[in-house]
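Trainee: Structure incoming, see below.
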Amino acid sequence: MEITITLTDEQKKRLKSIFNFVENYNETEVLENIMKAAKEEYIVQFLDDGNKNSVGEIRQFRLFLLVKHVFKGKIPSEIEVASIFKIPQTSAKTLIKNMKSRYQFEMESYFKGTIKDILDVISEDDLEDEEYYKFNIRSAYMYSEMNQIIELKDQNCEKIKRYNSVSSYYKISKKSKELLEKYINE
């Protein structure tokens, strides 16, 4: 069964603005993956035990399915989640956190993959004063989670710090970067 979706030019712009960070953005592919997520949501809703009852549970499940199908296993930023669900960024951060908690076992590989992507863009050219790498994190949630991992794994290891008060650039010590790399390969 083939389903055809026709979008207006305005809807196409909105779709692209929401999902523009998806690697190799392709409108048709994004729409197909949204349909996969929707199909899975309905199948689970009708056929599994224990329906999702609250709006929060439904949003957590929908976000989980979007991460799985549309975002290809990458955790979106609060800005992107806020745009999708039309909620404030603070609510989006809470939604991401609650989704990760509710689906922790399924999310573990996605979470590690997102950290890997963040760390993979760091190169030796980003090394500042021989001790710290300068890099970008799009998500305050991921920044917070990465620091939590550092603290849990080694309390003597230095946390990631904001590079300055106005940018989304951060600095990470060589030791902290190595600790996170070890975590994602566990």
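The values are calculated or read from the model by the stated rules, or taken from the named source; none is laboratory data. Only a predicted model underlies this, so the values are computations on that prediction, with no experimental measurement involved. Note that each Cβ is placed from the backbone with ideal geometry, even for glycine, and that neighbours are counted across all protein chains shown. The area values use the complete protein model at the heavy-atom level, side chains included, leaving out ligands, DNA and RNA. Shrake-Rupley method; radii C 1.70, N 1.55, O 1.52, S 1.80 Å.
Trainee: Please specify each residue of the range 57-76 satisfying the condition of being of a type outside the set (Phe, Trp, Tyr) and over 24 Å from residue 185 (Cβ atoms).
Mentor: Residues of the range 57-76 of a type outside the set (Phe, Trp, Tyr): 57-60, 62-63, 65-70, 72-76.
Hits for the range 57-76 are 57, 58, 59, 60, 62, 63, 65, 66, 69, 70.
Trainee: Moving on to the next point. Does the range 35-53 hold any residues that are open to solvent by 50 Å² or more (accessible area, probe 1.4 Å) and not basic (Lys, Arg), and which are they?
Mentor: Listed by number, the residues that qualify are 35, 42, 43, 45, 46, 47, 48, 49, 50, 51, 53.
Trainee: When the range 148-186 is examined, which residues are found to be among the polar types (S, T, N, Q), within 18 Å of residue 138 (Cα to Cα) and modelled with pLDDT of 90 or more?
Mentor: Hit for the range 148-186 is 148, nothing else.
Trainee: Name the one entry in 59, 14 that is open to solvent by 30 Å² or more (accessible area, probe 1.4 Å) and over 21 Å from residue 141 (Cα atoms).
Mentor: 14
Trainee: Output the number of residues of the range 107-120 satisfying the condition of being farther than 14 Å from residue 146 by Cβ, in contact with a helix residue (DSSP H, G or I) (Cβ under 7 Å, 6 or more places away or on another chain) and either open to solvent by 20 Å² or more (accessible area, probe 1.4 Å) or not in a helix (DSSP H, G or I) (or both). Please lay out each step first, then the result.
Mentor: Filtering the range 107-120 for residues farther than 14 Å from residue 146 by Cβ gives 107-110.
Among the residues that remain, those that are also in contact with a helix residue (DSSP H, G or I) (Cβ under 7 Å, 6 or more places away or on another chain) are: 107, 110.
Going one step further and asking which of them are either open to solvent by 20 Å² or more (accessible area, probe 1.4 Å) or not in a helix (DSSP H, G or I) (or both), we end up with 110.
Qualifying residue count, the range 107-120: 1.
Trainee: How many residues are among the small types (Gly, Ala, Ser), in a loop (DSSP other than H, G, I, E, B) and within 19 Å of residue 80 (Cβ to Cβ) when one looks only at the range 123-143?
Mentor: Of the residues in the range 123-143, 1 are among the small types (Gly, Ala, Ser), in a loop (DSSP other than H, G, I, E, B) and within 19 Å of residue 80 (Cβ to Cβ).
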